[in-house]
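The values are calculated or read from the model by the stated rules, or taken from the named source; none is laboratory data. Small disclaimer: the values here were computed from a predicted structure and weren't measured. Cβ: placed from backbone, ideal geometry, glycine included. Neighbour counts: every protein chain shown.
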Amino acid sequence: MKRACAAILSLSLTACVPWTVRPIEGQSAAAQKERFDANRFVESEWVSRILPAIEASAVNASSLLPASARKPGTHYAVKGVARILKVNAIPPLGQMSVDCEPFDGHADAVIQIGPEVRGSSVRDATGLVPFSRFVNQIDFANVSSKLNARALQCLPPSAEIARAQGRSFAFTGTFTAGEELPHIVPVRFQWVEAAR
């Protein structure tokens, strides 16, 4: 009798489903396609808003405040002409030590050449990309990464940079105060002399 009851109970439990499975509202296939796309955001804003704003607010590197007078955490846009003193093109955090005009043979800044870039100065220097434009911190951080990557597209090929010690270039870029030498993310880059 006990076995018969157990069999009937088991059969009745497997014959019905005690819950209903339904997709969460807003998570349909159409909604998935509408998820935030950081690449699309950057491409839609870069040429029309962000790059012009950085260029318009950039101050000449020679007139930068002394390191001791820069407020840590402040984002700056800067421009100038620099000469490459040393290149470290080893990824992921490649960089160039540079002497900015007027040249004195000493390093005034570091130009980040990637492929990875430290900081969020490109995103934050203009005030055009505040957190309030995004629904979460992940999207905000992704935009910073994509902006850094987009900025580095202004650079010549890495093989060309690797053998460029002693060459001069004009640049515009951004950095966040906090280190003795500014670590600049370039957004514009142009050689100002022929290769040797």
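Scanning segment 60-78 for residues that are within 15 Å of Asp99 (Cα to Cα), buried (at least 18 other Cβ atoms within 10 Å of the Cβ) and either modelled with pLDDT of 80 or more or not aliphatic (A, V, I, L, M) (or both) yields Ala61, Val78. With respect to the conditions (1) out of contact with any helix residue (DSSP H, G or I) (no Cβ under 6 Å at 6 or more places or on another chain); (2) part of a strand (DSSP E or B), Leu181 falls short on a single one, namely (2). When segment 79-106 is limited to residues that are among the aliphatic types (A, V, I, L, M) and at pLDDT 95 or above, the one that is nearest to Leu147 (Cα to Cα) turns out to be Met96. For Ile54, the test of being at pLDDT below 50 and among the β-branched types (Val, Ile, Thr) is failed. Counting only strands (runs of 3 or more DSSP E) that fall entirely inside segment 54-144 and contain at least 2 residues that are over 29 Å from Glu34 (Cβ atoms) and touching an Asp or Glu at 6+ places or on another chain (Cβ under 6 Å), the qualifying elements are 75-88, 93-100. Of all residues in segment 145-178, those satisfying the criterion of being part of a helix (DSSP H, G or I) and within 21 Å of Val78 (Cα to Cα) are Ser145, Lys146, Leu147, Asn148, Ala149, Arg150, Ala151, Leu152, Gln153, Cys154, Ile161. Here Ser132 meets each of (1) among the hydroxyl-bearing types (Ser, Thr, Tyr); (2) under 14 Å from the mean Cα position of the chain (by Cα); (3) loosely packed, with under 15 Cβ neighbours inside 10 Å with one exception, condition (2).
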